[in-house]
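What follows is a set of notes on a single structure, which appears directly below.
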Amino acid sequence: MSEKINIAIIGGGIVGCWLALELSRSEKDIFLFEKNPGVTTGENQSSRNSGVNHAGINYDPDTRPLKARLCVEGNRLWGDFCEQYSLPFIKVGKLMVALTEEEDRELDLYERRAFQNNVPDVRKITAAEVRKIEPNVDARSALFIPSSGVFEPTSLLRQVYFLASSQGVQFMTGTEVMAIDAKQGKLSIRIRYRDGSEEWVETQRIINAGGVKAVSLAKMVDKDFPLKTAFIRGDSMKFNRKARHDLHLRGTNIYPTPRTVKTPFGFQSTVGVHLTPMFDIIDGQYVIGDTVMVGPRLTVVHSDDDLQTPMPEPESFVHDTGFFPGLNAIDLTPNFGGIQARLDGYPDFYISRDRLSANIVHLVGIDSPGFTSAPAIARHVARKFFKSST
């Protein structure tokens with residue numbers, strides 16, 4: 001590849017693929033570079049997540065304005081997209097439960113935030129109403145959030161990839177960006193191909209959507225890039241909801257009241273260990289199956305590929321799900337762990353031009369709700385940096 005290309009997108013997760021699709025509606029000659037062997041199985045964060053289409057209730061518009069706005073917009077866009085292409089998505093709703101008087105007061109804050117963020121139809125309900133929705137869930141009270149749902153992430157990613165490919169985007173898998181040169185008004189990236197060979201490719205514009213590698217990629221251009229990665233892994237387990245009567249769930253997302261935890265990277269917000277129904281395939285169709293995900297529980301790790309640090313013991317997951325008293329450690333089996341693209345001391349998505357090169361856009365810290373927000377992130381980038389969007 002020796003010719004100059006128009007747009008180089010680095011990173012083939014759901015955000016990179018949505019950027020490719022959105023920009024291909026008005027731009028030509030787009031190349032997406034992904035270091036993994038493929039994009040359609042959802043490597044990294046695009047498959048190692050809970051598969052929840054978040055409603056957007058968790059994000060303070062003052063401190064996390066991009067997450068607050070783009071999550072709500074993305075929730076709606078995914079609903080329309082999944083309906084258009086008959087993709088596995090079910091609007092199962094969500095219960096955010098309170099167990100104590102203090103948590104009950106916290107729910108009032110989130111109910112007000114739902115109104116601020118234009119999250120539709122959120123209402124506070126009583127313990128008796130919680131029991132009517134999910135009889136095995138204990139709660140003093142809860143917020144019922146009907147716009148939340150679950151999807152099968154890799155199916156959605158494949159559809160976005162297919163549409164972007166059909167509109168001319170070139171997906172260069174097994175290609176890793178080793179360096180970025182932005183000197184003397186020219187942009188070039190050094191690519192290492194799957195056979196080990198390398199070459200420089202000149203490009204007019206670069207979008208850094210590198211996930212957990214995004215900060216490292218940004219530092220290739222600006223060694224003083226101001227943000228740092230927080231190496232945190234989200235670990236999850238699972239159980240069979242039909243194993244016993246007291247494990248039965250009807251299929252709603254069940255979340256605790258959000259909290260903040262202290263880590264070596266400062267205080268990090270977490271939605272907490274929650275219960276999420278997972279999809280099965282029956283007779284060729286995706287349906288809510290018998291498996292329920294429990295997690296994620298945050299684990300501090302040492303690098304962006306650290307899957308060796310042991311995951312928490314099952315007892316810790318049980319401890320964090322006091323709203324579901326039927327669960328025991330023996331019910332749980334490991335599900336997966338995935339490194340999150342979190343930032344040290346910066347709570348929001350960071351989407352901005354590079355300080356030294358106006359033709360580079362960095363998308364950094366695209367952790368949860370990154371999957372939900374992906375179509376809205378792509379529109380935001382197209383409108384703000386490319387003056388184009390549907």
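The values are calculated or read from the model by the stated rules, or taken from the named source; none is laboratory data. As the structure is a prediction and not an experimental result, all values here were calculated from the model. Please note: Cβ atoms are built from the backbone with ideal geometry, for glycine as well, and neighbour counts cover all protein chains shown.
Some values worked out for this structure:
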{"item": "Near pairs, Cβ below 7 angstrom, 6+ apart or cross-chain, from the range 94-109 (over 22 Å from V52 (Cα atoms) and of a type in the set (V, I, T)) to any residue that is modelled with pLDDT of 95 or more and surrounded by 12 or more Cβ atoms within 10 Å (Cβ to Cβ)", "result": "T100/R140"}
{"item": "Where S373 falls short, out of the listed (1) part of a loop (DSSP other than H, G, I, E, B); (2) of a type in the set (G, A, S); (3) crowded, with 22+ Cβ neighbours inside 10 Å; (4) modelled with pLDDT of 95 or more", "result": "(1)"}
{"item": "Odd one out for E3, checked against (1) acidic (D, E); (2) buried (at least 23 other Cβ atoms within 10 Å of the Cβ); (3) not in a helix (DSSP H, G or I)", "result": "(2)"}
{"item": "Within the range 175-215, tally of residues that are touching a residue at least 60 places away in the same chain (Cβ under 8 Å) and more than 19 Å from F385 (Cα to Cα)", "result": "14"}
{"item": "Some residue of the range 332-344 being over 21 Å from the mean Cα position of the chain (by Cα) and more than 30 Å from L363 (Cβ to Cβ)", "result": "yes"}
{"item": "Residue in the range 329-344 that is polar (S, T, N, Q) and farther than 28 Å from G149 by Cα present", "result": "no"}
{"item": "Sole exception among (1) outside the structural domain of D104 (by TED's automatic domain parsing); (2) touching a strand residue (DSSP E or B) at 6+ places or on another chain (Cβ under 7 Å); (3) hydrophobic (A, V, I, L, M, F, W, C); (4) surrounded by 17 or more Cβ atoms within 10 Å (Cβ to Cβ) for A139, by number", "result": "(1)"}
{"item": "Listing of strands (runs of 3 or more DSSP E) fully contained in the range 106-173 that carry 1 or more residues being more than 27 Å from R250 (Cα to Cα)", "result": "170-173"}
{"item": "Flag if Q84 is at negative phi and outside the structural domain of V273 (by TED's automatic domain parsing)", "result": "yes"}
{"item": "Where L156 falls short, out of the listed (1) surrounded by fewer than 22 Cβ atoms within 10 Å (Cβ to Cβ); (2) closer than 30 Å to T40 by Cβ", "result": "(1)"}
{"item": "The listed residue being outside the structural domain of G338 (by TED's automatic domain parsing), within 16 Å of the chain's Cα centre (by Cα), small (G, A, S) and under 30 Å from I281 (Cβ atoms), out of G38, G13", "result": "G13"}
{"item": "Matching residues, the range 329-370, being within 19 Å of P258 (Cβ to Cβ), surrounded by fewer than 21 Cβ atoms within 10 Å (Cβ to Cβ) and aromatic (F, W, Y)", "result": "Y346"}
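Listed here are the residues, each with its yes/no results for (1) modelled with pLDDT of 95 or more; (2) under 30 Å from I282 (Cα atoms); (3) under 22 Å from the mean Cα position of the chain (by Cα).
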{"site": "A98", "(1), (2), (3)": "yes, no, no"}
{"site": "E103", "(1), (2), (3)": "yes, no, no"}
{"site": "R140", "(1), (2), (3)": "yes, no, no"}
{"site": "G149", "(1), (2), (3)": "yes, yes, yes"}
{"site": "T154", "(1), (2), (3)": "no, yes, yes"}
{"site": "F162", "(1), (2), (3)": "yes, yes, yes"}
